[in-house]
Amino acid sequence: MPVTGFSHYNLRADRATLDVLRDFYVDVVGLRLGSRPPFRSFGYWLYIGEQAVLHLSEAGPLEQRMAHVTGTFDHVAFECVDMAAFEAQLRARGIDFRRGHVPVLDQWQLFFVDPAGNGVELNFAVSQER
């Protein structure tokens with residue numbers, strides 16, 4: 001009964017916040033806006049290649065109030081290339097970030113938050129960044 005892969009994660013917010021998050025994850029992180037089934041609720045699906053990895057779903061009024069409750073979610077991580085270009089883009093947009101290094105995994109990391117305060121981690125293989 002093993003898990004065989006990662007499907008997606010879901011962020012719920014009011015419609016205006018969803019638009020801001022959509023733009024952020026498309027323009028800054030590099031996900032692609034794609035098709036979404038015709039659910040009754042409003043939302044977006046964002047893709048990496050053919051995989052919808054981020055679902056943005058409109059929260060109802062009760063859910064919007066509950067969305068401010070602190071949970072245990074810390075961040076989502078994406079595998080990326082061209083760390084210098086990402087750093088330049090984050091600086092140009094005034095997005096604070098910090099670097100990390102995982103020597104055992106031969107990996108660099110960039111950490112920042114999205115407009116809703118969710119953590120984002122971008123991972124870069126050192127061998128690709130030399």
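We did not get these values from a lab; they are worked out from the coordinates using the rules stated. What you are looking at is a predicted structure, and each value in this text was computed from that prediction instead of being measured. Backbone-built Cβ (ideal geometry, glycine too); neighbour counts: all protein chains shown.
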Fully extended contour minus Cα-Cα distance, from residue 85 to residue 123, at 0.36 nm per residue: 12.4 nm
Across the range 108-114, in residue order, what do the Karplus-derived ³J(HN,Hα) couplings come to in whole Hz, using 6.51 cos²θ - 1.76 cosθ + 1.60 with θ = phi - 60° and x for Gly and Pro? 9, 9, 10, 10, 7, 10, 7
Taking the Cα atoms only, what angle lies between the long axis of helix 15-24 and the longest principal axis of the chain, rounded to 10 degrees? 20
Mind giving me the FRET efficiency for residue 113 and residue 19? R0 is 22 Å, r the Cβ-Cβ distance, nearest 0.05 is fine. 0.80
Give me the angle, in degrees from 0 to 90, between the Cα long axis of helix 83-92 and the longest principal axis of the Cα atoms of the chain, rounded to the nearest 10. 60
For the range 8-41 and the range 75-130, distance of Cα centres in Å: 20
Counting helices only, and only those DSSP H runs with n ≥ 4, report the 222 nm mean residue ellipticity of the chain as the sum of -39,500 (n - 2.57) divided by its residues, in deg cm²/dmol to the nearest 500. -6000 deg cm²/dmol
To the nearest 20 Debye, how big is the dipole of the range 74-130 about its Cα centre, given +1 on the beta carbon of each Lys and Arg and -1 on that of each Asp and Glu? 200
